[in-house]
1. Find the residue count for segment 241-283, including only residues that are part of a helix (DSSP H, G or I), more than 26 Å from P107 (Cα to Cα) and in contact (Cβ under 8 Å) with a residue 40 or more places away in the chain.
2. From (1) modelled with pLDDT of 85 or more; (2) surrounded by 16 or more Cβ atoms within 10 Å (Cβ to Cβ), pick out the condition that doesn't hold for V194.
3. Restricting the search to segment 118-135, which residues are surrounded by fewer than 20 Cβ atoms within 10 Å (Cβ to Cβ) and in contact with a Leu (Cβ under 8 Å, 6 or more places away or on another chain)?
4. I'm checking my understanding of the structure. Among residues of segment 144-190 that are surrounded by fewer than 15 Cβ atoms within 10 Å (Cβ to Cβ) and not hydrophobic (A, V, I, L, M, F, W, C), which one is modelled with the highest pLDDT?
5. Can you name the condition, by its number, that Q53 falls short on among (1) at pLDDT 70 or above; (2) more than 23 Å from the chain's Cα centre (by Cα)?
6. Find the residue count for segment 250-308, including only residues that are under 14 Å from the mean Cα position of the chain (by Cα), closer than 24 Å to L125 by Cα and of a type in the set (G, A, S).
7. If the Cβ limit is 7 Å and pairs must be 6+ apart or interchain, which residue in segment 138-150 that is within 13 Å of I113 (Cα to Cα) pairs with which residue that is among the hydroxyl-bearing types (S, T, Y) and part of a helix (DSSP H, G or I)?
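The values are calculated or read from the model by the stated rules, or taken from the named source; none is laboratory data. Note that the structure is predicted; figures quoted are calculated from it, not measured. So basically every Cβ, Gly included, is an ideal-geometry build from the backbone, and we count neighbours across all protein chains shown.
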Amino acid sequence: MALLVLGGNLAGNGVFAPAVALDGMLLHWQKGSLLQVFAGWAASWFGFAVDQQTALALGYVAIAAVGAAVVYRQLRASDWPMAQAGLAIVLVSSQAMLLQMVTGVGPEFLIVITVFTLIPGWRGLAAVGDTQSVVNYGLILPLLLLSGPALAALVPLLVLAVPFSEPEARRKPRVFMAMLLVGIVPALIIVLGVTVLAVRAGIGLVEFITPLVRAFQPGRWPFLAPIILMALTAPVGLAALLHALIPDRRRQVLTSGLVLFVPLYLALGNSFLSFNLAPWTPAVALLATTLGWLGATRVRPWMRWLVLGLLLAGSVASWWLAPRWAEPAWLEGLLPFQLFGWQFG
C-alpha cells in the first residue's frame with residue numbers, strides 16, 4: 001500500500017513519461033531486456049483505464065509487494081521473530097534507491113528481482129543437490145537470460161556450476177552430463193521460444209544479437225563511484241561476508257561469495273563495459289542478493305540485530321546521498337503530495 005501511494009503521487013506529479021505504443025515497446029529490445037518488452041506489452045492491456053507507463057508502474061508495485069511478502073515469509077522460516085522480520089521489511093521498503101527502482105519503470109527492477117531469486121536457488125542446489133533443487137535452479141537461469149545481456153553472460157558459468165556442485169558428477173562423466181542437461185534444458189526452451197517470438201515480431205538475427213554485442217564493448221564510466229555508493233547504501237552485504245568468515249556448520253562460502261559477486265560484477269561491468277545501467281543498480285542488487293541469502297540461511301541472533309542496524313544505516317545513507325544519484329524529476333515528484341492527480345493539502 002505504501003508503494004502504491006508513492007507511485008500514485010509520482011504519477012500525479014507527472015513524473016512518468018507519456019504512453020508508448022506497442023510497436024515502440026519492441027524497440028526496447030535495443031536496450032537488451034526482453035523482460036522489459038514483455039512487461040510493457042502486458043501493461044498495454046490496461047490502456048483503456050490508465051496510460052501504459054502508469055500501468056507498468058502499478059505492475060512493478062504489485063510485484064514488489066509480493067516480493068516483500070515472500071521475503072517476510074522466508075525470514076520467518078529462517079527463525080526470525082515476527083517483530084524483527086517486520087522491521088526488516090519496513091527498513092528495506094524505506095530504501096530510497098529501491099523506491100526509485102520500483103516506481104521508475106526501468107529494466108533495473110527486473111534485473112534486481114532476478115538476482116534476488118538466484119541466491120535461494122543456488123543455496124538449495126548447494127545444500128540439497130537433488131533433482132528438484134536442480135530443476136528449481138534451472139528455472140531461474142532463463143530469467144537471467146531475459147533480464148538483459150549483463151546477466152545473460154553469467155548463464156553459461158552458472159549452468160556449469162550445476163554438475164560441479166555435486167561430488168559424484170565431478171567423478172562420473174554420465175552423472176556430469178545428466179545434471180548439465182537438467183540444468184540447461186529450461187534455458188534452451190526459453191531461447192527457442194524467444195527466437196520464435198523475435199522472428200514473428202520481425203526482429204532479424206542481427207538485430208537480435210546486436211544488444212548482446214554492444215553491452216560488452218569498452219565503456220568509460222567512473223569505477224570507484226558505484227563501489228563507494230554500494231558500500232554506503234547497502235552495507236548489509238557485510239553480514240554475508242561475516243557469515244562466510246566465522247566458522248559455523250551452516251555456512252556456505254560459495255553462496256556468500258555469490259551474494260557479493262553478482263553486485264560487484266554489475267558494478268565493474270557498468271564501469272568498464274557498456275551495460276548502461278543506472279549507477280545505483282549494483283547497490284540495490286547487493287540489497288536483493290543479501291535478502292535472498294537471509295531468507296535461505298539461519299543466522300545467529302546477534303547477526304539479526306546487526307542486519308537490522310546495517311539496513312537502517314543503508315536507508316539513511318540512501319536518502320542523504322539522494323541528490324547525487326537520484327533523478328531530479330523523481331525527487332521533485334515526491335512533493336507536493338498528489339495521488340494520481342488528486343492534490344492533498
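1. Looking only at that region, the number is 3.
2. In the conditions (1) modelled with pLDDT of 85 or more; (2) surrounded by 16 or more Cβ atoms within 10 Å (Cβ to Cβ), V194 misses (1) alone.
3. A126, S133
4. Result: P156.
5. So the condition that Q53 fails would be (2).
6. Qualifying residue count, segment 250-308: 3.
7. Every condition considered, the pairs that remain are I140/T117; L143/T114; L143/T117; L144/T114; S147/T114.
Let's see how each residue does on (1) at pLDDT below 90; (2) buried (at least 16 other Cβ atoms within 10 Å of the Cβ); (3) in contact with a Pro (Cβ under 6 Å, 6 or more places away or on another chain); (4) over 24 Å from P279 (Cα atoms):
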position	(1), (2), (3), (4)
W302	no, no, no, yes
L311	no, yes, no, no
A317	no, yes, no, no
W320	no, no, no, no
P323	yes, no, no, no
E327	yes, no, no, no
L331	yes, no, no, no
Q338	yes, yes, no, yes
Q343	yes, no, no, yes
